[in-house]
Every structure is written in C-alpha cells, then in structure tokens.
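Here's the structure we're looking at; comments come further down.
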Amino acid sequence: MAGRPRAFDRDQALLIAMERFWRDGYEATTISALTSAMGITPPSLYAAFGDKDRLFAAASALYVDGITAQVEKALALPTLREAITEMLVLTAAAQSDDGSPAGCFLATEPRLARERAALRERVASRIARAVRDGEVAPDTDPEQFAAYVMAVHTGLSSRARDGATTDELMAIVQVALGALPPA
C-alpha cells in the first residue's frame, strides 16, 4: 500500500525555510517556527527533509547555488572592474530588496563559513587572472584584494540589516570601487 502523497509543495516549503533561517539564523529558528511558516506538521517536515540540520543544509544550498550563479556570471565579465562592479552592485540591490530578508544569508550565517571561503577563493582566482593578463598592477595581491571585496560584501549585508537604503548601499559600493587596483 502506497503512502499518502505530500500535501504541500516541497520546493515552496524549502524556500520558506530558507527565508526563515535567513531572517532568524539557524539557532533561533525552531521546528515549530518552521512548520508554522511552511503550513505543515512536524512529521511532514521530518518525512520530507529529515531533521533540522538536513533542512538547513538543503535551504542554504538553495541560497548558495543562487549566489554562486550570480557571482560566476559577474566574474565572467571581460574586465575585473566590470566583474567587481557587477558583483557589488548586485549585492547592494539584493540585500536591500523589500521582497526578501535584509542582508545576506551567506554573509550572516556562521554555519556557512566554508561557502564564504569558497566564494572568496573564486574572487581571488579572478583577480589573479587579471594580474596575469596585465589588467591590474603586477603587485596586486589577489588574496588580500579578494578579502577586501568580501569585507565590503559583508559590510553591505550588515548595513542592510541595520536598515540602509539601496541608495546608501550603492554609495558604499562607489567608495569601494575607488579601491580597485590600478592598471
């Protein structure tokens, strides 16, 4: 005898869980809060996702995959200046979007340190390519500059969580772009 089909949209429930973890953080997000937001019972949550850790892993992977795709698209632009500009402008716009929690889930969730490191490494790789191609000064340190870009990213997230407007975040982006290494 087959079990009953799920009475909810798993993908939609995962999006709701992602936003809940993003808004409140892993520790503060309870099973009760998750099931209430998703409109499901605890047994349904466990049947569909396993435990809270596995649900968090799936929700954070959904978020990280989206961010990674955006960053890869930005870093593929022809010049480092264009790539970093696109990355920071997208960050500022996304983190102040009224349709999602303020700030960046990746930047604010302690459990995503490995994913942040991978993103920083990808940015450093793009900067290293710009150095090799003679696009920026040969003494530019890709690791140091990537750390700077990620610090700006994290700072934008923090300011967004504190209520900064898109215009305020874009002003920070403009200042940060002034620190790009010269050709």
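General remarks:
- Scanning segment 53-63 for residues that are open to solvent by 20 Å² or more (accessible area, probe 1.4 Å) and either free of Cβ contacts under 8 Å to residues at least 24 places away in the same chain or touching a Phe, Trp or Tyr at 6+ places or on another chain (Cβ under 9 Å) (or both) gives Asp53, Arg54, Ala57, Ala58, Ala61, Tyr63.
- Yes/no for Val136 being among the aliphatic types (A, V, I, L, M), touching a residue at least 40 places away in the same chain (Cβ under 8 Å), buried (at least 17 other Cβ atoms within 10 Å of the Cβ) and within 21 Å of Thr68 (Cα to Cα): no
Okay, residues lined up against (1) in contact (Cβ under 8 Å) with a residue 24 or more places away in the chain; (2) open to solvent by 50 Å² or more (accessible area, probe 1.4 Å); (3) within 22 Å of Leu75 (Cβ to Cβ); (4) of a type in the set (Phe, Trp, Tyr):
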site	(1), (2), (3), (4)
Thr140	yes, no, yes, no
Ala146	yes, no, yes, no
Thr154	yes, yes, yes, no
Gly163	yes, yes, no, no
Leu169	yes, no, yes, no
Ile172	yes, yes, yes, no
Leu177	yes, no, yes, no
Pro182	yes, yes, yes, no
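- Which listed residue is hydrophobic (A, V, I, L, M, F, W, C), over 30 Å from Ile16 (Cα atoms), out of contact with any strand residue (DSSP E or B) (no Cβ under 8 Å at 6 or more places or on another chain) and in a loop (DSSP other than H, G, I, E, B), from Ala102, Ala137, Ala124: Ala137
- Test: residue in segment 33-45 that is within 24 Å of Arg161 (Cα to Cα), of a type in the set (A, V, I, L, M, F, W, C) and crowded, with 18+ Cβ neighbours inside 10 Å: yes
One line per residue, one yes/no per condition, for (1) open to solvent by 40 Å² or more (accessible area, probe 1.4 Å); (2) of a type in the set (Lys, Arg); (3) assigned to a loop (DSSP other than H, G, I, E, B):
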| position | (1), (2), (3) |
| --- | --- |
| Val71 | no, no, no |
| Ala74 | no, no, no |
| Ala83 | no, no, no |
| Met87 | no, no, no |
| Thr91 | no, no, no |
| Asp97 | yes, no, yes |
| Leu106 | no, no, no |
| Ala113 | yes, no, no |
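- Among the residues here, Gly3 does not qualify as surrounded by 14 or more Cβ atoms within 10 Å (Cβ to Cβ) and at pLDDT below 95.
- In this structure, Thr91 does not satisfy being among the β-branched types (Val, Ile, Thr) and free of Cβ contacts under 8 Å to residues at least 24 places away in the same chain.
- Cross-chain or 6+ apart pairs with Cβ under 7 Å, segment 14-38 first and without any contact (Cβ under 8 Å) to a residue 60 or more places away in the chain, then of a type in the set (Val, Ile, Thr) and in a loop (DSSP other than H, G, I, E, B): Arg20/Thr29; Thr35/Thr41
The values are calculated or read from the model by the stated rules, or taken from the named source; none is laboratory data. Only a predicted model underlies this, so the values are computations on that prediction, with no experimental measurement involved. When we count neighbours, we look across all protein chains shown, and the Cβ atoms used for this are built from the backbone with ideal geometry, even at glycine. The accessibility values were calculated without ligands, DNA or RNA, using every heavy atom of the protein model including side chains. Shrake-Rupley method; radii C 1.70, N 1.55, O 1.52, S 1.80 Å.
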